[in-house]
Amino acid sequence: MELNVIEQIKRFQDFIDSNYYNSLLDNVRKGNRFLLIDFAELSKYDPDLAAELLDAPEETIKAIEKAIEQFDVDGLVNFKIRFYNLPQSQRMMIRDVRSKHLNKLFFIEGVIRRKSDVRPQVTSARFECPVCGNIMNVLQLEGTFREPTRCGCGRKGKFVMLDKEMVDAQGIVIEEAHENIEGGEQPKRINVLLKDDLVSPLSEKRTSPGSKVEVIGIVKEVPIISKSGARSTKLDLMIDANYVQPTEDTFYEVTISDEEEKDILDIANDPKGYEKLVNSMAPSIYGYEKIKEALLLQLMGGVRKVRMDKIVSRGDMHILLVGDPGSGKSALLKRITQIAPKGRYVSGKGVSGAGITAAVVRDEFLSGWALEAGAMVLSSDGLVCVDELDKMSSEDRAAMHEALENQTVSISKANIQATLIARTTVLAAANPKFGRFDPYGIIADQIDLPPTLINRFDLIFPIKDLPEDTRDEKMANHILALHQRPDVNEPEISTGILRKYVAYARQRISPKLTDGALEEIKEFYLRMRKSGSGEGSIRTIPISARQLEALVRLSEASARSRLDERVTRKDAKKAIELLDYCLMQVGFDKETGKIDIDRIATGIPASSRNDVMILKEIILEMESKHGKLIPIEEIVNEAKGKGLDENKFEEALQRLIRSGDVYEPRRGFVSRI
């Protein structure tokens, strides 16, 4: 049933008067030029109006705006109406938009991939006839600027433009979210036009690339102009947005109700609250208590500090899991992306350096170059899980260095110089060098990743899959019970509350180090450094300043997990225990019996480095006796006297040859370069 405009205006006036009058006054007082209306309420109040809005949205919205202007309140000219909470029947996948949907109201969900700059757009212009003085108003609804063709007095030709009305406009590109796609389908994209208050600074934050949003708007066609300047018979589709609301928040934007806050505080006050949180991290995965604890602390994060000299200490901590195949690494990663908002999962060969940081692409809108954010930038204030890190090519891995340490991504390509913010936490998983750990080998030698990358991870956990009767039986029972009754291992704290708990901790709690915690961390650091000063010239470096910062981050995260504003000695001990566990697993040097961070950080243990130094000295001494050509046999005899057996000698010599310090001009002789 079609309603005439006067009837529509009257009905809308009654609806706003009875439901939204106070909100209207409130918005006018705050200086907001829009009113947000719940579609469900309109539908209850007047089903005919609601149906009319869905079928002929442009005319109906104009009628509502006219109805609002009738109220005796100042500042209601050009007031905009925004709708939300549309029925599910109006939900539309981007791939399903067809010509029959033109000029109807729908809502779509997706991820913002790209965003253009805000530019003014002319909506109407007023012209004056130079002959008779008649004033004409021309609406500018199409892409090209229109002038009047003739005046009422019969004059044709140029008219004088008096003024024009403009609105701020911005284009964004929305892509279907990957969870809504089946099989081998490629996610489809659509352009969305935002105007007026949708491009205000407050709304700008909601529409940054990477955000998941729901867009309510009218489907419109856009003429395609061919190269010759003529209109093409094909038309492009676009959505003229009426309202945009984010459907996924970062930890800092999650809203927490009073009831949820009460549940959160109950967990924090529970003596077993911390254990419950750890057990709820991944209940369907058996064992790995230390790793689950570390993952909880990773979600909590440390406190980001900006010092007076603008040097930033990151609060996010990065964790690397290196383990045998089939040990549940990918399952842990997938689970963590469920808990963390803005959690993204990328894997091995399926990710490129540009895809993980940022890419420069051709922009169809402005026919120039545009920046397209990659996974680490898109999930800023969120979490990225990188699976199969060892399968990525070395160039692509190198792209992650800056994002891991400085939390920025710098681009200088195609005349674009930009630094993007990537405040992202990274959880990575990789396999050992030969696919499986050699139980008798040194773990550090089996991690096939560049030392520069490994050094940026705060905690490294090796996961070995070794047969052990009691553990194997428990694991088999656990896995089989899960298959028999999939819901048998319900987490003690539901995923929703766990997510809210972490969000609450990150929003409200910024813990400060107490003197006790500071003493504890300092004592551990100095004790470890001292243990490295070994006998003779072997000096293992057991711990570096990077690990010291990691300890602070872990301690702050531990305090956050208890919702405590103070980092106590207990938190520091927990952090030290975790770091010590990792160092003992990965950095222990059997030859010296000490922890040696160089095993991980540089790939060469201190004992080997010491052997190389001894060999260099011998070659220097020999050069003064024998000249350039030095027989290897004589070096071997000299080395034996200094405690280097044949194996160590061979290894040290190979290292020197590989590094380019010495070479073999002919068999059995070496020369220094």
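Annotations for the structure displayed:
- Rounded tilt (10° steps) of 515-532 against the dominant C-alpha axis of the chain: 40
- For the listed residue pairs LYS30/LYS62; LYS272/LYS573; LYS290/LYS522; LYS573/LYS648, the alpha carbons are over 28 angstrom apart in LYS573/LYS648.
- Cβ distances below 4.7 Å define possible disulfide partners, and in the chain the cysteines left without one are CYS385, CYS582.
- Take each peptide in 116-129, 155-168, 495-508, count the other Cβ atoms within 10 Å of every residue, and average; sorted highest first, the result is 495-508, 116-129, 155-168.
- Only helices enter the 222 nm calculation for the chain: every DSSP H run of n ≥ 4 contributes -39,500 (n - 2.57), and dividing by all residues gives -11500 deg cm²/dmol, rounded to 500.
- Sorted by Cβ neighbour density within 10 Å, fewest at the top, the residues MET584, MET475: MET584, MET475
- The C-alpha atoms of the chain define a longest principal axis, and helix 632-641 lies at about 80 degrees to it.
- Protection proxy ranking of 51-58, 665-672 - average other beta-carbon atoms within 10 Å, highest first: 51-58, 665-672
- Using a simple spin-label model with pseudo-atoms 7 Å out from Cα toward Cβ, SER257 and LEU620 lie 7.4 nm apart.
- The chain, dipole about Cα centre (Lys/Arg Cβ +1, Asp/Glu Cβ -1), debye to the nearest 20: 1760
- Structure note, pairs LYS10/LYS115; LYS44/LYS66; LYS262/LYS329; LYS433/LYS628: Cα-Cα distances above 32 angstrom occur for LYS10/LYS115; LYS262/LYS329; LYS433/LYS628.
- For peptides 9-20, 297-308, 95-106, sequence by mean Cβ density within 10 Å, most packed first: 297-308, 9-20, 95-106
- Each DSSP beta bridge with both residues in the chain is either parallel or antiparallel, and the antiparallel ones are about 70%.
- Cβ-Cβ FRET estimate between HIS401 and GLU165, R0 fixed at 41 Å, reported to 0.05: 0.25
- [x] 14; [y] 39; [z] 25, with the label sought being that of the calculated percent of Cα pairs over 45 Å apart: [y]
- Of SER347, ILE421, ALA67, farthest towards positive along the dipole that unit charges on Lys, Arg, Asp, Glu beta carbons give the chain: ILE421
- When the charge dipole of the chain is built from unit charges on Cβ atoms (+1 for Lys and Arg, -1 for Asp and Glu) and taken about the Cα centre, the candidate among VAL97, LEU644, THR144 whose Cα reaches farthest toward its positive end is THR144.
- Full-stretch length increase - ARG456, VAL636 - with 0.36 nm per residue and alpha-carbon distance subtracted: 60.9 nm
- Tilt relative to the chain, helix 5-19 - C-alpha long axis, 0 to 90 degrees, to 10: 50
- Its relative contact order, with pairs defined as Cα atoms under 8 Å and 6+ residues apart, puts the chain at 9 percent.
- Residues whose amide H comes within less than 5 Å of that of THR123, counting only those at least five positions distant or on another chain, are GLU165, MET166, VAL167 (H built at 1.01 Å from N in the peptide plane).
None of the figures in this text is laboratory data; all of them are computed from the coordinates on show. Just so it is clear, the structure is predicted and the values come from calculations on it, not from any experiment. Reconstructed Cβ throughout: ideal geometry from the backbone, glycine too, with neighbour counts over all protein chains shown.
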